[in-house]
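**Q** I am attaching a structure below and will ask some questions about it afterwards.
The values are calculated or read from the model by the stated rules, or taken from the named source; none is laboratory data. Since the structure is predicted, the reported quantities are computational estimates derived from the model, not experimental observations. Counting neighbours? That spans all protein chains shown, and the Cβs are built from the backbone with ideal geometry, glycine included. Heads up: the accessible areas ignore ligands, DNA and RNA and are worked out on the full protein's heavy atoms, side chains in. Shrake-Rupley method; radii C 1.70, N 1.55, O 1.52, S 1.80 Å.
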Amino acid sequence: AIILVHWLLTVWGCMNDMLPLSYAWGNFSVLAVGIWAIVQRDSLDAITMFLTGLLLTVLTDIIHVSIFYPSHDFLRDAKRFSIGMAIFSLLLKPVSCYLVYRMYRERGGE
């Protein structure tokens, strides 16, 4: 569910050319690591990399949104929706990090 929600929010966040390609590459690559963590349920490395990637994308998403947020004159409905989904994804990431950390603990992480 974490992967699906963040994938959908990232797709919606990338609908306009407002955010750079590094936003999409960063988020989609972390989601690919998350799929790896789902497939290999016994791998502690996969879940660790997924948690680390989520934590790093919190920082990069803050930077992307703060640098590329358009001025009020250029905000159209599609851009407002797109940036809103990027911000919503950013707000959900700490919750996702907590849930992934619980999975990490269940797999034997300390």
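**Q** Per DSSP H run of n ≥ 4, the term is -39500 (n - 2.57); total these for the chain, divide by its residue number, and report the mean residue ellipticity at 222 nm rounded to 500 deg cm²/dmol.
**A** On the way: 4 runs with 86 residues, N = 110.
Counting only the DSSP helices, I get -27000 deg cm²/dmol.
**Q** Could you pull out every whole DSSP H run in the chain that spans at least 15 Å of Cα extent along its own axis and averages 1.6 or higher on the Kyte-Doolittle scale?
**A** Working: long enough: 2-13 (16 Å, 1.89); 21-39 (27 Å, 1.49); 44-68 (35 Å, 1.77); 77-106 (43 Å, 0.38).
Passing helices, by number: 2-13, 44-68.
**Q** Further question: If you roll a 1.4 Å probe over the heavy atoms of the protein chains, what accessible area per residue do you get for the chain, in Å²?
**A** Details: 6770 Å² over 110 residues.
Result: 62 Å² of accessible area for each residue.
**Q** For region 1-107, list log₁₀ I(q)/I(0) at each q in 0.18, 0.20, 0.21, 0.22 Å⁻¹, using the Debye formula over Cα point scatterers of equal strength and ignoring solvent, two decimals each.
**A** Result of the Debye calculation: -0.80, -0.95, -1.03, -1.11.
**Q** Keeping the other protein chains in place, figure out the carbon and sulfur percent of the accessible area of the chain, with a 1.4 Å probe. Write out the running numbers ahead of the final one.
**A** Working: 4660 of 6770 Å².
C and S fraction of accessible area: 69 percent.
**Q** Mean separation of Cα pairs under 8 Å and 6+ residues apart, divided by the residue count of region 4-110: what relative contact order is that in percent?
**A** Details: 90 pairs, mean separation 43.6, N = 107.
Value for region 4-110: 41 percent.
**Q** Find out how many positive minus negative residues lie around Val65, taking Lys and Arg as positive, Asp and Glu as negative, among other residues whose Cβ is under 14 Å from that of Val65. Write out the running numbers ahead of the final one.
**A** Values: positive: Lys79, Arg80, Lys93; negative: Asp61.
Net charge around Val65: +2.
**Q** What does the charge count near Ala37 come to, summing +1 for each Lys or Arg and -1 for each Asp or Glu among other residues with Cβ under 10 Å from its Cβ?
**A** Surrounding charge for Ala37 is +1.
**Q** Still on this structure, I have one more. How much net charge surrounds Ser82 when only the other residues with a Cβ under 14 Å from the Cβ of Ser82 are counted, with Lys and Arg +1 and Asp and Glu -1?
**A** Counting the neighbours of Ser82, the net charge comes to 0.
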